[in-house]
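Shown next, in structure tokens, is the structure this report addresses.
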Amino acid sequence: MSKVTSKRQVTVPKEIADQYGISPGDEISWQPAGDTIRVIPPGEVRKPLDREARLRLFDQATERQMERETQRRAAEPDTDKPPDDRGWKREDLYDRGRTG
């Protein structure tokens, strides 16, 4: 994990720098990517994705998320109650706290 210095500088871990060919003095690019930041190594030019590519990536991410949810549900313990059974009904709220 890297820390940001008071001058807002970040150290690239050696393994990552070696893997992507980043050397001292190289310029890297920073690109906002939703809730994350994408670091573009030197010499790589990343054009913004066209609509079709973005939709394809979105569909792939949606499939991965659906697969994760399916796996999570399969790992949950089986209960006798249906998933939407909270153990109370809306009508129970109207009489809550009232006596008599």
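Values quoted throughout were computed directly from the atomic coordinates according to the rules given, and no laboratory measurement underlies them. Worth saying up front: this structure is predicted, and the values here are computed from it rather than measured. Here the Cβ positions follow ideal geometry from the backbone for every residue, glycine too, while neighbour counts run over all protein chains shown.
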Checked the range 1-29 for anything under 24 Å from the mean Cα position of the chain (by Cα) and surrounded by 10 or more Cβ atoms within 10 Å (Cβ to Cβ); matches are S2, V10, T11, V12, P13, I16, A17, Q19, Y20, I28, S29
Extreme residue, farthest from P13 (Cα to Cα), among residues of the range 31-45 that are surrounded by 10 or more Cβ atoms within 10 Å (Cβ to Cβ) and touching a strand residue (DSSP E or B) at 6+ places or on another chain (Cβ under 7 Å):
Q31
Does the range 24-43 hold any residues that are in a loop (DSSP other than H, G, I, E, B) and in contact (Cβ under 8 Å) with a residue 12 or more places away in the chain, and which are they?
D26, E27, I28, P41, P42, G43
